[in-house]
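Structure record follows, encoded as structure tokens.
FYI, it's all coordinate maths here, none of it is from the lab. Note that the structure is a prediction, hence the values are computed from the model and not measured. Cβ placement follows ideal geometry from the backbone for every residue including glycine, while neighbour counts extend to all protein chains displayed.
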Amino acid sequence: MTNNRPRFAAIVFLLAPTLCLAWGEDGHRIVGEIASHYLSPCTEEAVKSLLGDQTLADVSTWADEIKSDRKWDWAKPLHYANVTPGSDSFDLDRDCPEVGCVVSAIERFSRVLRTSGAARFPQPTKKEQVEALKFLIHLVGDLHQPLHVSRARDRGGNDIAVEFFNNRTNLHSLWDSGLIRHTKKPWSEYAAELRAQVKGVKTRYPRTNGKVTEWATESYRLALSNAYDVPKDGKLGQASFDRNIPIVDERLKMAGVHLAALVQDRPYSPKSTLVSQLSTFVNGAQCGQ
Ligand code: ADE
Ligand code: ZN
Ligand code: ZN
């Protein structure tokens, strides 16, 4: 008999970084998949010129995958934001530190894509544009997870131990992935189901860019009203699942629609935004006007 323990330990060690992804991989894929259905053909083309054959869902987890590479350490604070205790809304000037936060990062990466179609020198390189788009796809997902805009003192629930159906986890992880996993739906089916519920996008989800701060405030309020509502013994089960899965569903839908709204203009905004300009850049003036 050989002793498999060291090998098992090594496998666990190697897998560890992939076991703690934000929103969980499925949440991010669902957001990317939903968004991909609300892009105009023009925007789709522009996105394809950056991502090749990879879908929005495929690249949605990249920003978490690179966390294990020290070269990307600077981007770690860009996955979340914390709100000053005592306030009930997110304030960019007050709450976003110098190193950046999820809200400023979304604005920053949007700007990289926007300026790639404009007369700006130096132009962002294609690599910079690809990275900006991949960050954007991921971070819009993170922004909509209530505990990604929450409290510094428990690191967005990471420091709050809970049991979910008798399995030990932490509150943050429960909201990233535990609730989604408990549905036992394959992510693509889950996305299709949610997409079928997104009706009348123009009237139900009229908000577009410039409203990133408001989306952050919505997350924060849901963190306070729902996510942090944990009994003293930390035990959560069916009642918590039933109360919170509709919130998770709603946030995934909104993230998908908001992501699509951010990367293109029509039909969400009368003003030309991000990828419409990117489209102009990539495809010439007829596309994206
Ligand atoms: N670390 C500190 N605060 C955090 C938050 N709100 N979400 C994720 N990670 C964090
Ligand atoms: Zn993340
Ligand atoms: Zn997370």
| task | Please list the non-local residues whose amide H lies under 5 Å from the amide H of residue 162, H modeled 1.01 Å from N, same-chain partners needing a gap of 5 or more. | result | 169, 170, 171
| note | For the pair residue 88 and residue 155, the simple spin-label estimate (label points 7 Å beyond Cα toward Cβ) gives in nm 3.0 nm
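Counting alpha carbon pairs within less than 8 Å and at least 6 residues apart, what relative contact order, in whole percent, applies to region 111-194? Don't skip to the answer; put the middle values down first.
Details: 51 pairs, mean separation 12.6, N = 84.
Averaging sequence separation for qualifying contacts and normalising by length gives 15 percent for region 111-194.
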| message | Just to confirm my numbers, what's the Cα centroid distance between region 43-114 and region 151-197 in Å? | response | 20 Å
| query | When we measure straight from the Cα of residue 253, which lysines land under 22 angstrom away, once same-chain ones fewer than 8 places off are left out? | reply | 134, 184, 185, 199, 202, 211
| said: Between residue 197 and residue 228, what's the calculated FRET efficiency when r is the beta-carbon distance and R0 is 30 Å? Round to 0.05. | reply: 0.70
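Are there GluC sites (Glu not before Pro) in region 70-165 that DSSP marks as loop and that have at most 10 other Cβ atoms within 10 Å, and which are they? Walk me through the intermediate numbers first.
Values: sites: 98, 107, 128, 131, 163; in loops: 98.
Passing sites in region 70-165 are 98.
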